[in-house]
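A short write-up of the structure that comes next.
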Amino acid sequence: MSGRAQLMWDEAVTGYDFGPDHPMDPVRLALTRDLVSAFGLDNGPGSGAEGLEVVSAKPAGESTLRLVHREDYVEAVKAASGDPGAADGSYGLGTMDDPAFAGMHEVSALIAGQSVGAAEAVWRGDALHAVNFAGGLHHAMPGGASGFCIYNDASLAIARLLELGAERVAYIDVDVHHGDGVQAAFWEDPRVLTISLHEHPRTLFPQTGWPEETGAESAQGSAVNVALSLIQ
């Protein structure tokens, strides 16, 4: 293994844009990328102990997306991407949280592809660490959008590792919100340990992630939820 770190980046990911009034403004991605450059972290071997390689991966294809997402949902996203006004709300598309926009499928697949590419790079030994800061879309479900998330890049990266032969995968989620989509994707899979630290579901979306949620009967103990209450 090289020991190098990879930053997965394609400027086109800033096209993941739900509109000017939506709280998930893509400017945060451009500013983060600028910050990486400002600190000189992307200047190759001389910038750190091993250097940081900036690379781009291809968008997740149909077969990859369907490792996690249902075929009918992928088709619904593609349809909404081509005609946002006709988005099917039964899939969580065209809602206040997840407004449909032109090119939604393409840019969502691109973001997913960066996380899948990061997982593949580590698996192959091309990198010791890899990061996709455009990702983390952990609320998307196999059959629906949720919480600003269209395709679940984290789940897709895990599913790709399993496809490549990984026997055990541990996923740690430290977002303030419960990683419900990843937990749901692997609820019945004892090979995947999902650990989520989040604000207590009594007080925050998505109102899941209770400590009692520990995995399906076939995968007991494969889900760990640390629900943290606010200090008053």
Wholly enclosed strands (runs of 3 or more DSSP E) of the range 135-232 bearing at least 2 residues buried (at least 16 other Cβ atoms within 10 Å of the Cβ) and assigned by the TED database to the domain that holds Lys58: none
Tell me, please, whether a residue that is more than 16 Å from the chain's Cα centre (by Cα) and either among the basic types (Lys, Arg) or within 12 Å of His138 (Cα to Cα) (or both) can be found in the range 172-182. no
Subset of the range 78-101 [assigned to a helix (DSSP H, G or I) and open to solvent by 20 Å² or more (accessible area, probe 1.4 Å)]: Lys78, Ala79, Gly82, Pro84, Gly85, Ala86, Gly89, Ser90, Tyr91
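The values are calculated or read from the model by the stated rules, or taken from the named source; none is laboratory data. Predicted, not measured: the structure shown is a model, and the values here were computed from it. As a convention, Cβ positions derive from the backbone with ideal geometry for all residues, glycine included, and neighbour counts pool all protein chains shown. Surface areas here come from the heavy atoms of the whole protein model, side chains and all, with no ligands, DNA or RNA. Shrake-Rupley method; radii C 1.70, N 1.55, O 1.52, S 1.80 Å.
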